[in-house]
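Down below is the structure, laid out as structure tokens.
The values are calculated or read from the model by the stated rules, or taken from the named source; none is laboratory data. Everything numeric here is computed off the predicted structure, so don't read it as measured data. Don't worry about glycine lacking a Cβ; one is built from the backbone with ideal geometry, like all the others, and counts go over all protein chains shown. Surface areas here come from the heavy atoms of the whole protein model, side chains and all, with no ligands, DNA or RNA. Shrake-Rupley method; radii C 1.70, N 1.55, O 1.52, S 1.80 Å.
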Amino acid sequence: MWARASAGSSPRESFRTLQTQAVTAMTIHTILHYPDKRLRIPGEPVTDFGDELAKLVDDMAETMYAAPGVGLAAPQIGISWRIFVIDVSSEGPSELRAFVNPEIIEKDGKVAWEEGCLSFPGVHQEIKRAERVKVRAQDATGESFELEADGLLAIAIQHENDHLEGKLMVDHLSPLKRRSVHRTMVKRAAAS
């Protein structure tokens, strides 16, 4: 689905070039930063799998790659729908996945992973999550699927699914670390 990078250009640059040539122009959305209260609003189920949703998936992918990040949930751009996109590929934008109305149906094991978040720029914290997950979701056309994941993909699925519930990475931290991250982000917000 995604083209590989040409010689001399990064995979992200190649993706942007191809997408710029697409028939429908894509939009890079502004990513909300903590402590924006809209990040706490849970996403509503998606019921219309038409052109608006297809454009949103394209826009979210473009926004995620431009950030750059490996995942982005609709609530992070102020859209309260139950959808996120993920691409954990190290080979460029070749494994984009859209998860619409996702539900984590199985979790197994425990692992600590240093996570970042596009809504918390510059913040990285070790968070404990399930090592493996099984998720049931729909793609952008409404087709249902199930996926078993481990490693970074499992972490990303859990992280982005949290956003759909209004839950943020700071909610997984100890009270002391949570206060520290909160103060850092509030100072950044006041400075901008």
_Checking understanding here: applying a Kyte-Doolittle mean of at least -1.0 and a length along the axis of at least 20 Å (C-alpha), which whole DSSP H helices in the chain pass?_
51-66, 151-164, 175-191
*Size of the dipole of the chain about the Cα centre, Lys and Arg at +1 and Asp and Glu at -1 on the beta carbon, nothing else charged, in debye to 20?*
1080
*Going toward the positive end of the dipole of the stretch 62-192, with +1 on Lys and Arg Cβ and -1 on Asp and Glu Cβ, which of Ile155, Ala66, Ser192 do you reach last?*
Ser192
_Mean ellipticity per residue at 222 nm, deg cm²/dmol - from DSSP H runs of n ≥ 4 across the chain, formula -39500 (n - 2.57)_ = -9500 deg cm²/dmol
*Once the mean 1/r over all distinct Cα pairs of the chain is inverted, what Kirkwood radius in angstroms do you read off?*
17.2
*Determine the sum of side-chain charges near Met60: Lys and Arg each +1, Asp and Glu each -1, restricted to other residues whose C-beta is under 12 angstrom from that of Met60.*
-3
*Please name whichever of Thr141, Pro121, Phe84 sits farthest to the positive end of the charge dipole of the chain, dipole taken about the Cα centre and charges placed at Cβ: Lys and Arg +1, Asp and Glu -1.*
Pro121
*asked:* If I take R0 = 25 Å and measure r between the Cβ atoms of Thr47 and Glu106 in this structure, what FRET efficiency does the formula 1/(1 + (r/R0)^6) give, to the nearest 0.05?
replied: 0.45
*Considering Cα pairs under 8 angstrom that are at least six residues apart, work out the relative contact order of the chain and quote it in whole percent.*
22
*Could you state the accessible area per residue of the chain in Å², with a 1.4 Å probe and every protein chain left in place?*
53
*asked:* Please report the carbon-and-sulfur percent of the accessible area for the chain; probe 1.4 Å, protein heavy atoms only, DNA, RNA and ligands left out.
replied: 50
_Set of lysines with alpha-carbon distance to Lys55 below 29 Å, sequence-local pairs under 8 removed_ = Lys37, Lys134, Lys167
_Below 11 angstrom from the Cβ of Ile86, what's the summed charge of the other residues (Lys, Arg +1; Asp, Glu -1)?_
-2
*In nm, to one decimal, how far is the Ala190 label point from the Ser80 one, both placed 7 Å along Cα→Cβ?*
2.9
*Amide H neighbours of Glu44 under 5 Å, counting only residues 5+ apart in sequence or on other chains, H built in-plane at 1.01 Å?*
Trp81, Arg82
